[in-house]
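Novice: First the structure, which I've put down as structure tokens, then a few questions once you've had a look.
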Amino acid sequence: MTILPIEPLTRAAFAPFGDVIEAAAARGDYPINDGTAQRHHDIARIDCNAGDGHGLISIVHAQPRELPFAIVMLERHPLGSQAFVPLSPARYIVVVAESPEAAPRAFLASGGQGINYHRGTWHHPLLALDAAADFLVIDRGGDGGNCDEATLPHPYRLLRE
């Protein structure tokens, strides 16, 4: 089984697969609400309008996974992007690949970092660490098959970081 190294989640490293949702990613910052709040503007682009699609906001309660863990499958959403934003300072692992045949990459998201997968990005389902965690999920609703799954040609192993 091939060992899959876990990299820190950075905007530059994750850019081919999606957006890192954090204040530092803002395309603009400005005060709002009579100066009592700061808006970190335009952090990620939500893509959900394919066909008759519409945006959905959900909450996912993720059980923690223990490492080592075998990565044997990936999924993608061909009709829209999919964002995950932790509702507490939860650590989680993000696994992505250019295709099911390509070597995947694993990223460790620290508390306060969310991610937004670009439409069609191959990724592993959510891998919470340490404790159960809630995530705000923003993705596409509507008609059409929006989840493809693929078994990898061989498994990859995530080890304790």
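Novice: What are the residues in segment 6-16 that are in a loop (DSSP other than H, G, I, E, B) and of a type outside the set (S, T, Y), if any? Full working, then the answer.
Specialist: The first filter runs over segment 6-16 and keeps only residues in a loop (DSSP other than H, G, I, E, B), leaving 9-10, 15-16.
Of everything in segment 6-16, those that are in a loop (DSSP other than H, G, I, E, B) and of a type outside the set (S, T, Y) turn out to be L9, A15, P16.
Novice: Can you find a residue in segment 142-158 that is closer than 18 Å to L9 by Cβ, touching a residue at least 60 places away in the same chain (Cβ under 8 Å) and surrounded by 15 or more Cβ atoms within 10 Å (Cβ to Cβ)? Talk me through it step by step, then tell me what you get.
Specialist: Going residue by residue through segment 142-158, those that are closer than 18 Å to L9 by Cβ are 156, 158.
From what's left, touching a residue at least 60 places away in the same chain (Cβ under 8 Å): 156, 158.
Next, from what is left, pick out any that are surrounded by 15 or more Cβ atoms within 10 Å (Cβ to Cβ): 156, 158.
Yes: segment 142-158 contains one or more residues that are closer than 18 Å to L9 by Cβ, touching a residue at least 60 places away in the same chain (Cβ under 8 Å) and surrounded by 15 or more Cβ atoms within 10 Å (Cβ to Cβ).
Novice: Among the strands (runs of 3 or more DSSP E) lying completely within segment 17-133, list those that include at least 2 residues that are more than 26 Å from R160 (Cβ to Cβ), at pLDDT 95 or above and not acidic (D, E). Let's see the steps before the verdict.
Specialist: On the way: elements: 18-21, 28-32, 37-41, 54-62, 69-76, 82-86, 92-97, 105-109, 114-117.
Hits in segment 17-133: 54-62, 82-86.
Novice: Would you pick out the residues in segment 134-161 that are among the charged types (D, E, K, R), under 22 Å from E66 (Cα atoms) and at pLDDT below 95? If you could, list the steps in order and put the result at the bottom.
Specialist: Our first condition is that a residue be among the charged types (D, E, K, R); within segment 134-161, this holds for 134, 139-140, 143, 148-149, 157, 160-161.
Filter again for under 22 Å from E66 (Cα atoms), leaving 134, 157, 160-161.
Listed by number, the residues that qualify are R160, E161.
Novice: Taking the condition of being surrounded by fewer than 16 Cβ atoms within 10 Å (Cβ to Cβ) and hydrophobic (A, V, I, L, M, F, W, C), how many residues in segment 1-25 meet it? Steps first, answer last, please.
Specialist: The first filter runs over segment 1-25 and keeps only residues surrounded by fewer than 16 Cβ atoms within 10 Å (Cβ to Cβ), leaving 1-3, 5, 7-8, 10-13, 15-16, 23-24.
Those still in the list that are hydrophobic (A, V, I, L, M, F, W, C) too: 1, 3, 12-13, 15, 23-24.
Counting residues in segment 1-25 that are surrounded by fewer than 16 Cβ atoms within 10 Å (Cβ to Cβ) and hydrophobic (A, V, I, L, M, F, W, C) gives 7.
Novice: Separate question: Which residues, counting only those in segment 19-44, are polar (S, T, N, Q) and in contact with a helix residue (DSSP H, G or I) (Cβ under 9 Å, 6 or more places away or on another chain)? Before you say what the answer is, go through the steps one by one.
Specialist: Just the residues of segment 19-44 that are polar (S, T, N, Q), to begin with: 33, 36, 38.
The answer is Q38, and nothing else.
Novice: Quick check on my filter: what residues within segment 1-20 are out of contact with any Leu (no Cβ under 8 Å at 6 or more places or on another chain) and within 17 Å of S110 (Cβ to Cβ)? Even if it seems obvious, please write down each step before you answer.
Specialist: Filtering segment 1-20 down to residues out of contact with any Leu (no Cβ under 8 Å at 6 or more places or on another chain) leaves 1-2, 5, 10-19.
Passing the criteria: P5, T10, R11, A12, A13, F14, G18, D19.
Novice: Which residues, taken from segment 115-161, are among the polar types (S, T, N, Q) and farther than 25 Å from A44 by Cβ? Quick ask: steps written out before the conclusion?
Specialist: Our first condition is that a residue be among the polar types (S, T, N, Q); within segment 115-161, this holds for 116, 121, 146, 151.
Answer for segment 115-161, where residues must be among the polar types (S, T, N, Q) and farther than 25 Å from A44 by Cβ: just T151.
Novice: Residue pairs, Cβ under 7 Å, 6 or more apart or interchain, first in segment 73-96 and without any contact (Cβ under 8 Å) to a residue 40 or more places away in the chain, second assigned to a strand (DSSP E or B). List them.
Specialist: R91/L108; R91/A109
The values are calculated or read from the model by the stated rules, or taken from the named source; none is laboratory data. Being a predicted model, the structure only gives us computed values, none of them experimental. Here Cβ is always computed from backbone atoms with ideal geometry, including for glycine, and neighbour counts include all displayed protein chains.
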